[in-house]
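Shown next, in structure tokens, is the structure this report addresses.
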Amino acid sequence: MLTPYETALDLLLERVERLPTERVLLWDAVNRVLAEDVFADRDSPAFDNSAMDGYAVVSQDLEEIPAKLKVVGEVSAGSEFSGRLERGQAIRIFTGAPIPVGANAVVPVEYTKLEGEYVLIERSFKEGANIRRRGEEIKAGELILKKGIKIRGYEVGLLAFVNKVFVEVYQKPRVAVLSTGDEIKEPGEPIEKPSQIRSTNNHLLYARTRELGCEVHQLGIIRDEPESIKDALQRVEDYNVFITTGGVSAGEKDFVHKLVKDMGFEVVFHKLRIKPAKPVLFAKRGRTLFFGLPGNPVSCAMAFDMLVKPALLKMQGVEEHRPKFLKAELLRDFSRRDAERREFVRARYMEKEGKLFCDYSPKTQSHMLTSYVDANCYMVVYEGVHELKAGQQVDIVPFDW
């Protein structure tokens, strides 16, 4: 009996526990998940200031253009004008500088001409023009960053702005990646027989897991023999997540799914109603999640994206950790013979005039890793669907959800 995708995802996420939190320095918080709500410590802007280089004026002096005003001072960012601006006067001002008392508009420098100690204003501006008002962006005490978001460089800037030297984040998952197979050779090793292949899965998984902000441990390649695999699985509880590739199908040398049962793992599901990645295995022992992913590269990649990734995101405290489905218009007809399983086809979506469109890769086989070149989403072909027509709305899952 094959498990439907939604059922498998629900069973998986029910067993995922969020990791504890820790405090890190501001500049170590990038690519981590925020574990606290962050509030503004003061208004932003903290004072009325100029949005332009130009002249601070009283707008009523600009009712007749051109206007000739006497320049009585200058104020730059970080300084203040000690007096008061009176009618008939102007003050040279720079971007970010405080608005002098009495001024109620700023004239950009490109609309002015300096004539000795006077400035000639060539265009009128209303009260409030080119002035950033105190608190117009955010008020003191207002929520600016919500718990559960991934911290990018932009958020680091905001954290610094509100004086957060230390930031509460979720711990990084410790993830182990291991490949099985007698035929696999690492990059750099010679291929000695036509039956040997390059290792791709463990490097793909290592890179994808690092992209998600995890602490990844590359355990390399082991032979397809029960004792070697069993020895490796003895270390499973050293990690939050343990991922193997290969050995989960029904072949004579597919030992992984048999060994996890013998070693006391709770096998939650094995074999899903999906294409590719049908033989994917998920189990748990103690607090450790175990994923046995298929050996075909596309099956491995897709199973990671649609199953392992949601678990890693939830573990790190990401609120929106489930795959995001969008609607797009299909550009070409699609057909298949076998419609028993839900298929995740590598595809590319693009936006035109506010609408999403989708085109799929012709490389649909599970060994064709080049189908990911230029792809940015999966096109979902549901169970029982043999054909999709151009112009039809289809579900897509962006890679960067």
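In order along the stretch 24-29, the Karplus-derived 3J(HN,Hα) couplings, from 6.51 cos²θ - 1.76 cosθ + 1.60 at θ = phi - 60°, round to 10, 5, 3, 6, 9, 8 Hz, and Gly and Pro are given as x. Its alpha carbons considered, the stretch 167-235 gives a radius of gyration followed by a Dmax of 14.7, 53 Å. For the stretch 141-206, the fraction of C-alpha pairs farther apart than 14 angstrom is 72 percent. Computed about the Cα centre, the dipole magnitude for the chain is approximately 880 debye when only Lys and Arg (+1) and Asp and Glu (-1) carry charge, each at its Cβ. Accessible surface ranking for GLU117, GLU155, GLU215, 1.4 angstrom probe, highest first: GLU117, GLU215, GLU155. Computed over the stretch 1-111, the alpha-carbon pair-distance distribution with 5 angstrom bins reads 2, 9, 15, 12, 8, 6, 6, 6, 6, 5, 6, 5, 5, 4, 3, 1, 1, 0, each value a whole percent. Are any of the pairs LYS164/LYS355; LYS147/LYS258; LYS314/LYS355 more than 32 Å apart by Cα-Cα distance, and if so, which? Pairs exceeding 32 Å: LYS164/LYS355; LYS147/LYS258.
A 1.4 Å probe, protein heavy atoms only, puts the accessible area of PHE269 near 10 Å². Using every pair of separate Cα atoms, the Kirkwood estimate puts the hydrodynamic radius of the stretch 206-306 at 13.8 angstrom. For the residues VAL72, VAL236, VAL107, a GNM of the chain with alpha-carbon springs under 10 Å puts the largest fluctuation on VAL72. Note on the chain: GNM, Cα springs under 10 Å; of ASP41, ASP224, ASP374, the largest mean-square fluctuation is that of ASP374.
The mean sequence distance of close C-alpha pairs (under 8 Å, at least 6 residues apart), as a share of the length of the chain, puts its relative contact order at 16 percent.
Around the amide H of ARG273, modelled in the peptide plane, lie the amide H atoms of THR3, TYR5, all under 5 Å away and 5 or more residues distant in sequence or on another chain. Near the amide H of ALA176, within less than 5 Å, lie the amide hydrogens of HIS217, VAL241, PHE242, ILE243, all on another chain or at least 5 residues away, with H placed in the peptide plane. Note on the chain: GNM, Cα springs under 10 Å; of MET302, MET368, MET379, the largest mean-square fluctuation is that of MET368.
Which one of TYR239, ILE138, PHE39 has its Cα pushed farthest toward the positive end of the charge dipole of the chain, where Lys and Arg give +1 and Asp and Glu give -1 at the Cβ? The Cα lying farthest towards the positive end belongs to TYR239.
Quotient of the Cα radius of gyration of the chain and 2.2 N^0.38 Å, N being its number of residues: 1.41. Relative to the 2.2 N^0.38 Å rule of thumb, the stretch 86-228 has a C-alpha radius of gyration ratio of 2.13. The protection proxy used here, the mean number of other Cβ atoms lying within 10 Å of each residue, ranks peptides 198-210, 344-356 as follows, highest first: 198-210, 344-356. The residues of the stretch 122-219 expose, per residue, 57 Å² of accessible area to a 1.4 Å probe.
Looking at the chain, the DSSP beta bridges with both ends there are about 65 percent antiparallel. Counting only protein heavy atoms and a probe of 1.4 Å, the accessible surface of the chain is 48% carbon and sulfur.
Karplus-based coupling profile of the stretch 311-323, in residue order and whole Hz: 5, 5, 5, 5, 4, 8, x, 5, 5, 8, 9, 7, x, with θ = phi - 60° in 6.51 cos²θ - 1.76 cosθ + 1.60 and x standing for Gly or Pro.
Note on the chain: dipole from Cβ charges, positive end direction compared against PRO310, ALA283, VAL298; the farthest Cα belongs to ALA283. Extension gain for the segment GLN234 to VAL373, taken as residue separation times 0.36 nm less the Cα-Cα distance, is 46.4 nm to one decimal.
The Cα atoms of the stretch 52-170 define a convex hull whose projected area, averaged across directions, is 9.3 nm². Each distinct pair of alpha carbons in the stretch 242-401 adds a 1/r term; the inverse of their mean, the Kirkwood radius, is 16.7 Å. Search the structure for amide H atoms under 5 Å from the amide H of VAL71, placed 1.01 Å from N in the peptide plane, and list their residues when 5 or more places away or on another chain. The list, which skips near neighbours in sequence, is ALA90, TYR118, VAL119.
The values are calculated or read from the model by the stated rules, or taken from the named source; none is laboratory data. The structure presented is a predicted model; accordingly, all values stated were derived computationally and were not measured. FYI the Cβ positions are ideal-geometry reconstructions off the backbone, even for glycines, and counts take in every protein chain you see. The accessibility values were calculated without ligands, DNA or RNA, using every heavy atom of the protein model including side chains. Shrake-Rupley method; radii C 1.70, N 1.55, O 1.52, S 1.80 Å.
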